């Protein structure tokens, strides 16, 4: 994406969603001032480094859906509380895979699977300073469950927009 496309995308998001959105040229500065960072790219090499992330940041790494993809520096995972959508799958293809392969983490050091937190069997964030990472490799069942909840809440609140495929 070039700068003009990024600026246009940010403008469209701001208008459509009614939020502040801006295109940036300095990824490190943008991540450092963010409370939440979501990555969803086809990157083959990490681009979010440990020193880009300040205490208390939540990161959701969504793009590494095969073993060749990577968005987060392995050292970042090793120094953070990691939650996987499905641990075995993340160990094979997610950003976690790269931290394990580098010998910086063991599967036993992953804090929880998402389902364990949702079910209340394990806690989520335990302090405001904690860096938490959700490594999401993509599980259709979780996606469908989340979509169902969003649909139910939107229907209850009579919000959203109907359209036909």
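Any read-out appearing in this document is the output of simple, stated calculations on the displayed coordinates, not a laboratory observation. Because the structure is predicted, anything quoted here is derived from the model rather than measured. Don't worry about glycine lacking a Cβ; one is built from the backbone with ideal geometry, like all the others, and counts go over all protein chains shown.
For the reader, a short list of remarks on this structure follows.
- Normalised Debye scattering of the chain at q = 0.15, 0.16, 0.20 Å⁻¹ gives log10 I(q)/I(0) of -0.95, -1.06, -1.35, counting only Cα atoms as equal scatterers and leaving out solvent.
- Relative packing of 48-60, 135-147, which averages over residues the other C-beta atoms within 10 Å, highest first: 48-60, 135-147
- The fraction of all Cα pairs in the range 51-147 landing in successive 10 Å bins from 0 to the largest distance is 17, 52, 29, 2, given as whole percents.
- In this structure, residue 32 and residue 164 have a Cβ-Cβ separation that, at R0 = 35 Å, corresponds to a calculated FRET efficiency of about 0.20.
- With 0.36 nm allotted per residue and the present C-alpha distance subtracted, the residue 139-residue 6 stretch has 45.0 nm of extension available.
- Extension reserve of the residue 75-residue 20 stretch, reckoned as 0.36 nm per residue once the Cα distance is removed: 16.7 nm
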